[in-house]
Structures are given as C-alpha cells and as structure tokens.
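One structure below.
Only the coordinates and a few stated rules stand behind these numbers; no lab work does. The model shown is predicted, which means the values in this text are computed figures rather than measured ones. Every residue, glycine among them, receives a Cβ derived from its backbone with ideal geometry; neighbour counts consider all protein chains shown.
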Amino acid sequence: MIDRDQVLHVAKLARLKLTDDEVERMSGELSTILDHIETIGELDLADVAPTSHVVQLENVLREDVPRPCLPREKALEQAPDATAEGFRVPSPAAHA
Amino acid sequence: MSELLDLTGAQAAEKIKAGELDPAELFDFYRDRAAEEDLNAYLWLPDEGQRPEFKTDAPLAGVPLAIKDLFCTEGVPSTAGSRILEGYRPPYTATAVENLQSAGAAMLGKTNMDEFAMGSSNENSGYGPVKNPWNHDYVPGGSSGGSAAAVAAGLAPWAIGTDTGGSIRQPASLCGIVGLKPTYGSVSRYGMIAFASSLDQCGPLTRDVTDAALLYRHMVGQDPCDSTSLKHPETIEIPTAERLDGKRFGVPPELTGEGVEPGVQEVFQQTLRLIEELGGELVDIALPHSTYGISAYYVIAPAEASANLARYDGVRYGMRTVADDLTAQYEMTRHDGFGPEVKRRIMLGTYALSSGYYDAYYGNAQRVRTKIAEDFTNAFEQVDLIVTPTSPTVAFKLGEKTDDPLAMYLNDALTVPMPLAGIPAISIPGGLSEDLPVGIQLAGPAFSENRIFEAAYALERAIGWDPPEAPWKR
C-alpha cells in the first residue's frame, strides 16, 4: 500500500505538483498496479543477470572533431522565455 | 475518386513512376479527405494547396505518408500528443522520417496518439481520443491510434508509428490493418520523442504486408545520432511467398489461452488451420516467463519514462506555468502540462527507482527481462516463428477501461514480451469478431523481418482479408 506521505515524497522527487484529489487517486491506483507487479516475487531470480539492453552492442569510436550544431538563436527559438543569450527562469532561491 | 482509394502505397508509387498518376492529385485527395475526417486521427495537416516536394524518381515516388506526432519534424508542430508540447516546432527532423523522405515519401500530416505514447486506447491524448473507423463508439487502440485509424479509414495510404509495448501492433490489430514492430535498433530513434529508450522502436502501419515491407526497407539504417542503432544484416525484400512449406510455427499456451476472448480465439484457431493448409507445421512451445511480461514492462517502461520526461520543465521548449520560484515553476508546469496517465507513469517509475526500492522493482524487472529473452531464444531453436493473437480482445468501447489503469495495462499482455526481448513482430488482420477486426501476431528472432514478411504475406493471401464493410471502402 502506497500511502499519502509516500505519494507526496515521490511527487517531490519527480518535481510534480499534485492536487489533493490526485494524491488520493494516485495512492489507490499505484497500490493496485504495484500489487500486480509484485507477482514477480513468485520467481527465483537470485542468480539471474539483469538485462538493461537487449541487443549486443560494441563500442564504436570516432574522431573527436567539432561538428556543426544548432545555432544559438534556433536553440532558443522554442523557449517560453529567453534572452538573446540564454533561457530565462525565475531565481532558484526565491524562497530560500 | 475511389480508384485512388483502392491503391495501396506500393501500387500508387508504381503508377506515379509509370506516369499514370499525378502525385499532387494523390496528395490533395488524401489531404482533403483527412481535413474532413471525423475520427480525430490528425493533429496537423498542411493548409489547402500547400504541398511538399514530390520525388517521383525515388522508390516511394511522392506517395503521401502519415506520421505519428511522436516524430520531430522540422518547423512542423510535434506534440507527442501532450499539452506540454503544444505549439512546439522542432528545429530538426527525426532520422526515420528523413530516410523515408529521401526515399520519396511526402509528409501528409501528423497523427494523434496517446500522450508520450503511453496508452492502449488513444484516450490519453491531450487533444481528445481517436475513434475506431469500424465503429465510432470504440477505441482504435494505442498508442499509434491516429496512424492506425488514418490508414484503416483511407485517410492515408500508409503511416508510421512507434511501438514500446504494443503501440503499433495493437492499434493495427484493432483497426484491421498491418503493423510491424521491428528489431530493436534497426531503425534510428533520433528525433523520436523518447518514452522508454530501451524498448521504443518505430515501424510501419499499412494496408498490407507488401506496403509494410516497402516502408520498412526505407526506414532501416545505422545512424551516428543514435548509438543504439544497428546495421540490419539483410536487405529488406518485398515478399512473394505463397506457401509455408517447411516452416515451423510455435504456439505458446501462455500467449494464446487464458484471457483471450472466444471470438478472438476462434479467428486464431482458423488461422492455425490455414497455416497447416499452407504447409506450415505447428509446434507446441513454452514461454513460461512471458506471463510476467506485464509486471516487468510496467516497471521498466515507467522507470525509463520518468527519467526521459524530466526534460519537460518549461525552460527550453513547450509550455510554462509561471511561478516566482524555479522549483515551483517546474512542479506547476508539469502539473498543468501532463495528463493523468503520464503523471501515473512518472510516479510509478520514480517510485520504482527511488532509494530502497530500486533492486526490488527495477532490478528484478530487468532479471525477468533476461528470463523472457531466454525463453524466446530457446523457442527459436525449435521454430522459425511464433504465432499468437495480437490483442486478447477486439476493440473495446470508448470510456470502458479509463477508470481502471490495470485493466488497460493487461491489454498489452500478448505484445509486451517481444519488445522486452528486442525481437520483431508483425500484426496482420485475421478476420472479424463482433464486426470488429482481430489481429494475428507473428514474431521472429532479431533481424528476421524478411522471414516474418514472407510468412505474413503467404498468410495474408490465404486469409484474403477484404471485408465488404471495411471503413476504407466508405
């Protein structure tokens, strides 16, 4: 069972604001889903290696040479708020 | 006009190359149909009279192509079905789209989808659900529901989508068309907005197997911009097989029995008999860990998603909810921009990766993934291909499962084991149940797409899929 405090803790880790209703619903839904996921516990996995990537890959090296990249104005074009030089955000320490 | 609608993508390309069809006429025909559609299949279309360049000498000859809105297309809105990317016009185009455009595909429009490809019904789109063209009260499947509905309704000759746990095959099944999830890495993921990076793969949604092979042939390729992309060891051929002699088809009880509704089971059994009539041999195989596929998938995919979606913070692109403190702005932007399913998966993934839970959830899910992949390796020592239904049910009603996330997830039971193992699988229409299409899935080992296309082609001919009530005939 995922309680309210756990939901709020995880939401904070995920930088996600949830309303009281959402916290309530999330607690029930996550609990139901995790109960199903826990059927994995039936398996003996002690000696099994985890798979993070399914296809065998070999490392490929390339010359470390500069290549063209997005011009600054183009990179800034889609920002909700930008100066000519960078992305503009409120102070991270407004409430510090 | 209906003569244009009768043409598959490959046939249209041939006619253009032979000088018998004007690509601009074909493009306008589909654009106009798409502009008048009532399925909500498209999120973006060019303005009337606005046409791309038609490369009539290229293999795809300027035939229009619908593109899932998960692909970045330069200067053209690309939202991933999310409000958080409303109005976003990417500065570059996805490699898969570029490859197809170089081969002569003309971008027809961007199709609706479940937000960030998270969903099995298209009801999670930030821009409203897509309707199933066979019956507008039903879902088209998801997450590539817009692409599937567009092809099934004759609003595009063909389309591309993406598949993480079934998002090409399941909507193809529910809409009565063909959909291929290729081998992981065979098509570049560069410019494909990321959901679960170790599973995501893009592929074609088409009216028939020939079209799927033709599109896939021009999508594959190693890409320096995607370090997980690989060179396909084979040239993709257009299939011609008429028989299945000598081919062994594995039938796993875990993915063909419990949970498969009777009408789907009936079509599946008919298909098995057809395989035998065509000379194929049916072999009982076991995929004992595939029943744990949903559990492993719904840890791994949300875990990767929670990391991938961290980038939507209202700083560089997309929407922003203004607050006077940076952290509050992140939190409010993400609250306002993401829909309920995306929030649920971010929460699930963040929880599974959080301190104290990591090994119990993520670590064990990765171990199950190893076991699922081993099951397939063992099975392919005995058989050439594995055959199952694509979805345990036909299309369900809009709203039927939206209040029960777990019930929605269980829809993916027959399609999640393959991406967990990185192997390719196709869905082709097998027949009808309750006047709705039933899809048949064929899976093969990594890089066996040519083998899959050949078998699917022979089977497609034998099935003779041509229902009089099909939506593309309306």
Yeah, the protein assembly as shown with a ≥ b ≥ c from its alpha-carbon gyration tensor (a/c under 1.5 is rounded, else prolate when a/b outruns b/c, oblate otherwise) is oblate
Given unit charges at Cβ for Lys, Arg (+) and Asp, Glu (-), the dipole magnitude of the protein assembly as shown about its Cα centre in debye, nearest 20, is 1120
Hydrodynamic calc, chain A: Kirkwood Rh from Cα pairs, then Stokes-Einstein at 25 °C with viscosity 0.890 mPa s, so D in µm² s⁻¹ is 125
The answer for the per residue Cα convex hull volume of region A:1-43, in Å³, is 66
Using alpha-carbon positions, the gyration tensor of region B:284-331 gives root eigenvalues a ≥ b ≥ c; with a/c under 1.5 called rounded, otherwise prolate if a/b exceeds b/c, else oblate, the class is prolate
On the formula 1/(1 + (r/R0)^6), with r taken between the Cβ atoms of B:Glu277 and B:Thr240 and R0 of 25 Å, the FRET efficiency rounded to 0.05 is 0.85
Row for region B:380-474, column shape: gyration tensor on C-alpha, a ≥ b ≥ c, rounded if a/c < 1.5 i.e. under 1.5, prolate if a/b over b/c, else oblate; value oblate
Rounded to the nearest 500, the 222 nm mean residue ellipticity computed for chain B from DSSP H runs (n ≥ 4, each -39500 (n - 2.57)) alone is -10000 deg cm²/dmol
Here the gain from full extension of A:Arg88 to A:Asp5, 0.36 nm per residue of separation minus their alpha-carbon distance, amounts to 26.6 nm
When the charge dipole of region A:1-43 is computed with +1 on Lys and Arg Cβ and -1 on Asp and Glu Cβ about the Cα centre, the Cα farthest towards its positive end, among A:Ser27, A:Gln6, A:Leu16, belongs to A:Leu16
dims of chain B, Cα set, principal axes, largest to smallest, nearest Å -> 69, 55, 44
Region B:244-372, convex hull of Cα, quarter of hull surface, nm² -> 11.9
Excluding residues fewer than 8 positions from B:Lys15 in its own chain, the lysines with Cα under 16 Å of it are B:Lys55
Chain A: relative contact order from alpha carbon pairs under 8 Å, six or more residues apart, as a whole percent, is 17
Chain B: antiparallel bridges as % of DSSP beta bridges, rounded to 5, reads 70
The extension gain from B:Glu86 to B:Gln270, computed as 0.36 nm times the residue separation minus the Cα-Cα distance, is 61.7 nm
By Cβ neighbour count within 10 Å, fewest first, B:Val342, B:Val76, A:Val54, B:Val322 rank B:Val322, B:Val76, A:Val54, B:Val342
Dividing the mean separation of Cα pairs under 8 Å (6+ apart) by the residue count of region B:290-367 yields a relative contact order in percent of 43
Checked against a 28 Å limit on the C-alpha separation, the offending pairs among A:Lys12/B:Lys131; A:Lys12/A:Lys74; B:Lys110/B:Lys343; B:Lys181/B:Lys343; B:Lys397/B:Lys473 are A:Lys12/B:Lys131; A:Lys12/A:Lys74
